[in-house]
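The values are calculated or read from the model by the stated rules, or taken from the named source; none is laboratory data. All values reported here derive from a predicted model rather than from experimental measurement. With ideal geometry, Cβ positions are generated from the backbone for all residues, glycine too; neighbour counts draw on all protein chains shown. Just the protein is used for accessible areas: all its heavy atoms, side chains included, with ligands, DNA and RNA removed. Shrake-Rupley method; radii C 1.70, N 1.55, O 1.52, S 1.80 Å.
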Amino acid sequence: MMHHSALLLPMVILPLAGAFVLGVLRLATVRERGMAAHHFGIIAAFGPILSFLLALGLLVQINGLPGHDRVLSQSLYQWFAVGEMRVNFGLMADPLAVLMVLFVTFVGSLIHIYSIGYMKGDPNAGAFFAYLNLFLGAMLILVLGSGPLVMFVGWEGVGLCSYLLISYYNDDRANVAAGNKAFIVNRIGDLGFILGLALLFWAIGDTGFDYADLRERAPELTPLLALTVGLLLFIGATGKSAQLPLYVWLPDAMAGPTPVSALIHAATMVTAGVYMVARFSFLYMQSVPAGVIIAWVGILTALLGAIFGMFQRDIKKILAYSTISQLGYMFVGVGLAAYSAGIFHVFTHAFFKALLFLGAGSVITALHHQQDIWRMGGLKKRLPITYVTMLIGALALAGVPPLAGFFSKDEILVAALATGHPVIWLLGILVAGMTAYYTFRLIFVVFHGTPRDAHYEEVTESLRVMTIPLMILAAGAVLAGFINLPPILGGHQLLSHWLGLEAHHSPHIKLELLTILASLTVCAVGIGIAYRRFIPTAVEPVYHGFARFAEAKFHVDELYDSLFVQPLLGAGAAIRRVVEPRIVDGPVQAVVWLYRAGADAVSAVQSGYVRVYAIYMVVGVGLLSFAVYRLLVG
Amino acid sequence: MADLLALLPLIVTTAAAIVVMLVAGFSLFGREVMALLTTGLFMFCFFVQAATLVSMPFFPYQQTFGSMLAVSPFSGVAGLIILACGGFSALASQTYFGHNKGYVPEFYAMLLFAACGMLLLTMAAELITLFIALEIMSLAVYVLVGADRERLLRAEAVLKYLMLGAFSGGFFVMGAMFVYGGLGTTSFAGISRVLAESGLFTSPLATAGFLLILICFLFKIAAVPFHAWVVDVYDGAPLPVTGFMATAVKTAVFCALVNLLLTDGSLLSVWRDILWYLCVVTLFTGNLIALGQTNIKRMLAASGIVHSGYLLIAIISADVTGASRTVIGFYLAAYALATLGIFSALSTLSGNDEKRISFADFNGLAKVHPYSAAMITVFLLSMAGIPPTAGFMAKFYIITAAFSAGQLVLGVLGLISTILSIYYYVRLIAAMYFTTPEDDFAITGLALAPAGTAVLAVAVFGFSLYPLGW
């Protein structure tokens, strides 16, 4: 039984309307001096903030419903009907969606506010804020869609905004190339996603294609079909959520403005793949192997991301690889059917990763767009607020108790051990240690030691409008973990119960103790190594051997280039040189010639004399009369 | 009383025309006010028509005034299109006469009188009434074309139009006489009753009469081989008038033709084969004429021939139910939106004395006026039938109708013709976007025509979403 809620539509519409208004304003003022950037920003902030308030209303509404029947929906109209396929455009919210919406709008609001400061004085800020609002609207459609096709609208919408915002500084060709790369790599994933949906429709979609219908009929799927659909959908997720082998676009995506990296490429959009797997949990429950494959892809991505993260020198790229790595963890969670653990990590990660990115943005603006950590150093005296808040984010990311990352990461690792995957657990612990190391490498090199920046003395703390969101997010990074406290630490796993995504199992006290001890140890070791290397003074290292290979990201980009891009370009060039002029063009040109000759003939007849025109009419009358005569006689 | 209510739009429009005539006679207002007044009156008539359409409990073919007129939803929709065409043309003319000579205040009265004739034409259910309506419309349009007597081009155009129009009008009167002689009635209902009893071919006189009437219609819709006048006349007329003729006149004439042919199944079934050949010849000859043009106005005139061909497809595939009327109405509306849009844009951009009118004159427009170029592109794409425009949906419905009526060959030929037509539409787009501007495209005058153009551009997309119930 679904309950109606009228809050869903306005929540989606508000940011979209904001995008429209901003777009019109931008077009209207582009010819003149243009509106000031912060005016655009202030208008832009309304949509997300109001949506957040509506999301709070939704939370109240959904908590008012009985425990096992918590679905709110708003059906809008029949979108299309083709043959047997009837697709409604509707919105739906269950606890999972409400949680996503809450943090998406909350983090989104903060980042909109932060952007007012960050984009100050940018001549194109109108476009920036319009895209940002559009992104938020698309993300909400993705989360609140009542069926896979509505989700797909949002899925593509966020992809478009991501592309637009990555290539936002389009004066530099490299940024445009990065946007293209993100878009194209995502298309590859989307192909898998579409194929998965088509297969799903073919198998069980003929009685309705909403989640509710699909959930009912999912048990009808044969194991092979469930596996295929599950993996095809997951291919979509590897694109959007930057997993092996399609992760390559995310580091390049850091070319966009830093608030974008924080909102889209860390906190919200990239978690869409995780959300999708959790949303289709009824499907993945039909196929354990699909889940195991997802978990393995996740943990290998986590490992790879962590290795790359240890050797990067660009502050945003370190965080980008860290995001890839943390997304890997989330997929381990949802892959092993620990959906609430995976989503819990999505939730906590949103806070501390957005915080770290915004902190990085604060550092970057303070240093006039310097991103190389080996050009920074000693900044804690100059940027005290940024330092303290980023330190909190780093502690959360590294998994230091009692901050957010500690709880959520451990829950995933416990799930790995409990479902009988010790190798995944071991790799997970290893990655936890590496995470602690690269996080504190960043903190120590950037904020401690001696200054390396030439303008060190002129560096000043960022504007209030930027630092206040940092502080709020820091508070979130400290507190977010407590909503799902495990029993072993005196909690009741409130969030897991509330989400109700999986059958609840009895706690594994021993496994949990083991995991906590192991992760605390590797965390301490990681931070310790970083401390010994980079305190009191860090020296810029010269990498050799494996380290150098890792700094060059295992040359994966080059490999993809020579495996896929170059052959395709070669094929295109061959078609242009050989097939096009010699095979295709001949007949086409012949038709064009014939056509023109006909036109010349006709215009020769079009003489311009009235008498000639009258003669045509008479001829026409004659011909028609003859035809009628034939009819009459025959 | 119900009769009068059904005729309310016509009465209001006629009253408006007389008011404008009087105002023009006393020279009360200047040019710009006259344009705005006329636009406002057209809008008012439009709303009266719309209100009548939705509020009246229509029976199909309700007879009014002793079967002289018949008001139906189809005639109502055609009336809406005609009045909208009048409004947008008046709007465009406001800007047009800002930088062109040849303005006379009576221009606007004639515009309204032409609309009266057209409204009457859409409702005519009797041959003599139909002829009178046709002549009211034609006389007003002759004046609109040739009002500027000082320009030779206009005089030539109106002379050609008048002579050939009179020629075809003669066919009509002769045909009506033969039909009366053969069947003893001139009302559609009566004709249909007699035909149902005895069949058409029992009376050779009536057969010949219908042929002559059909020829007059074919002249008015510019079907090949009765098309030759259209390119010269459209070229010679002032731009807003060309737009008005291409849309409103065509709508009214097609509405009358459909009313006549679809009154009874047997009439159409007789002419179907002949119309089939005419339709194919019209489609392809029209395309070839359009292809050879270097002047945008002449190209659009020739492409109008092709659009008549598409409408003939719809008529040929028609059954006696209302579905084919819906398709035809949709096509007429979609075509009117795009055509009015482009003529409205040209009225603004063509400059003094229509100095910019060939493809080459619009080289590089996109770099100087990006929005105008984008809107013209939208209109051209709609005419060519590229999704997601209204023109695409209209063609889609017509081709679908042809296929479902079993006219496979005609449907395929229609598709081929669409592909051919893309060539000359895209030529202008290419000129606007892929060349460097040589002109400064300076524009003078009020921004009313551009505003109308923008409304139409949005409507081209919006209308494509209008769901057509079958």
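Of note:
- Number of the exception - residue A:306 against (1) open to solvent by 30 Å² or more (accessible area, probe 1.4 Å); (2) at negative phi: (1)
- Only residues that are surrounded by 17 or more Cβ atoms within 10 Å (Cβ to Cβ) and part of a helix (DSSP H, G or I) were counted in region A:1-20, giving 8.
- Qualifying residues in region B:150-181 (those that are open to solvent by less than 30 Å² (accessible area, probe 1.4 Å) and among the small types (Gly, Ala, Ser)) - the one nearest to the other protein chains (Cβ to nearest Cβ): B:168
- Selection status of residue B:225, more than 30 Å from residue B:96 (Cα to Cα), out of contact with any Phe, Trp or Tyr (no Cβ under 7 Å at 6 or more places or on another chain) and at the interface with chain A (Cβ under 9 Å from one of its Cβ atoms): no
- The numbered conditions (1) closer than 22 Å to residue A:349 by Cβ; (2) open to solvent by 70 Å² or more (accessible area, probe 1.4 Å); (3) in contact with a helix residue (DSSP H, G or I) (Cβ under 6 Å, 6 or more places away or on another chain) are all true for residue A:496 except (2).
- Close pairs from region A:611-627: first more than 7 Å from chain B (Cβ to nearest Cβ) and under 14 Å from residue B:227 (Cβ atoms), partner assigned to a helix (DSSP H, G or I) and open to solvent by less than 40 Å² (accessible area, probe 1.4 Å), Cβ under 9 Å, at least 6 apart: A:612/B:228
- Residue match in region A:57-64 (condition: more than 16 Å from residue A:499 (Cα to Cα) and either open to solvent by 40 Å² or more (accessible area, probe 1.4 Å) or out of contact with any Gly (no Cβ under 9 Å at 6 or more places or on another chain) (or both)): yes
- Restricted to region A:507-572, the set of helices (runs of 4 or more DSSP H) holding at least 3 residues that are touching an Asp or Glu at 6+ places or on another chain (Cβ under 9 Å) comprises A:509-534.
- Residue that is most open to solvent (accessible area, probe 1.4 Å) [pool: residues in region B:61-73 that are in contact (Cβ under 8 Å) with a residue 12 or more places away in the chain and out of contact with any Ser or Thr (no Cβ under 8 Å at 6 or more places or on another chain)]: B:65
- Restricting attention to region A:88-123, the residues that are in a helix (DSSP H, G or I), among the polar types (S, T, N, Q) and either more than 12 Å from residue A:51 (Cβ to Cβ) or modelled with pLDDT under 90 (or both) add up to 1.
- Any hit, region B:443-453, residues being out of contact with any Leu (no Cβ under 8 Å at 6 or more places or on another chain) and crowded, with 22+ Cβ neighbours inside 10 Å: yes
- In this entry, residue B:212 passes the filter for residues that are facing another protein chain (nearest Cβ under 9 Å), in contact with a helix residue (DSSP H, G or I) (Cβ under 8 Å, 6 or more places away or on another chain) and open to solvent by 10 Å² or more (accessible area, probe 1.4 Å).
- Residue satisfying condition, being more than 22 Å from residue B:397 (Cα to Cα) and in a helix (DSSP H, G or I), within set B:305, B:315, B:289: B:289
- Search result, residues across region B:190-202 that are within 14 Å of chain A (Cβ to nearest Cβ) and open to solvent by 20 Å² or more (accessible area, probe 1.4 Å): B:199, B:201, B:202
- Pick from region A:471-492, criterion of a type outside the set (A, V, I, L, M) and modelled with pLDDT of 80 or more, ranking: farthest from residue A:391 (Cα to Cα): A:484
- Residue in region A:587-607 that is on the phi > 0 side of the Ramachandran plot, at the interface with another protein chain (Cβ under 9 Å from one of its Cβ atoms) and out of contact with any helix residue (DSSP H, G or I) (no Cβ under 6 Å at 6 or more places or on another chain) present: no
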